[in-house]
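Accompanying notes for the structure given below.
What follows draws every value from the coordinates through simple rules; no lab data is involved. Everything numeric here is computed off the predicted structure, so don't read it as measured data. A quick note on method: Cβ atoms are made from the backbone with ideal geometry, for glycine too, and the neighbour counts reach across all protein chains shown.
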Amino acid sequence: MDLEKIVEAVNLFNTTAPAIAQIFMSIKHADGTETVLTHVHSNQEQVAKNIADIQAMIDAHQPKG
Amino acid sequence: MRIRIARTRLLAAAVIMMLVVVACTDDQLVRLSNALDDTTAALTALHTGVAAAAAANPPLMSDALIVKIGGLELKMNKALQDALNATEKVAKLSPADRTNLSNILTPVISAVNDAVKDPDIAGIKNEKTRATIQTSLVLIQTTLTTSQLMLVKK
């Protein structure tokens, strides 16, 4: 395999890999239109926000002194 | 020409990889992920209700109860965070994943079961606040129990 082919293959993989990852993150299933992992990141953000908000609420109502 | 053939082969390999990933995806993982989505929504609804009651002037619950429910909320959200992290990069639930997730969910389900029966929560005087908290807790109990059921190997 010459260098030109290797470079071409690497370039093609670099442009294809994100598409593969995207498909992996949004798989459709026979039992419905739900996805497996697309919601994970938004859920993680929501849960992190919840934790910060809850901690602030607890701190505000914690008995003083 | 040879480059075009190499490109075609690489694309074919990519398509096969995608099909393998889809074929390996676990139906129970899909249902677990959906239940964790529902748990996130229910926990957010619970916190919205508790935060509104805490922010009212005067607050609709005692400071002690706000701190008590807040502690439970923290426990549930941290367990959910661990469960989301554990499911983020898997396409199929392995026996180790099932054990790990069960260990995350079991204690928090027990805590929610206790909270559903908690007389302090049942005794919240403001009807709307009490209903919001109790309804959210039952929903969380249901979604977490559903999540746990998905960990039992079919």
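Look through B:Ala86, B:Ala96, B:Ala79 and report the one residue that is under 12 Å from the mean Cα position of the chain (by Cα), part of a helix (DSSP H, G or I), closer than 27 Å to B:Lys154 by Cβ and without any contact (Cβ under 8 Å) to a residue 24 or more places away in the chain.
B:Ala86
Looking only at residues that are part of a helix (DSSP H, G or I) and more than 7 Å from chain A (Cβ to nearest Cβ) in segment B:51-70, which one is surrounded by the most Cβ atoms within 10 Å (Cβ to Cβ)?
Ranking the qualifying residues of segment B:51-70, first place goes to B:Ile69.
Yes or no: segment B:125-133 includes at least one residue that is free of Cβ contacts under 8 Å to residues at least 24 places away in the same chain, over 15 Å from B:Ala52 (Cα atoms) and surrounded by fewer than 17 Cβ atoms within 10 Å (Cβ to Cβ).
No, every residue in segment B:125-133 fails to be free of Cβ contacts under 8 Å to residues at least 24 places away in the same chain, over 15 Å from B:Ala52 (Cα atoms) and surrounded by fewer than 17 Cβ atoms within 10 Å (Cβ to Cβ).
Tally time: how many residues in segment B:23-49 are within 20 Å of B:Val112 (Cα to Cα), facing chain A (nearest Cβ under 7 Å) and either among the β-branched types (Val, Ile, Thr) or surrounded by fewer than 21 Cβ atoms within 10 Å (Cβ to Cβ) (or both)?
Number satisfying all stated conditions: 4.
Of the numbered conditions (1) closer than 26 Å to A:Lys64 by Cβ; (2) out of contact with any Ser or Thr (no Cβ under 6 Å at 6 or more places or on another chain), B:Leu60 satisfies every one except a single condition; which is it?
(2)
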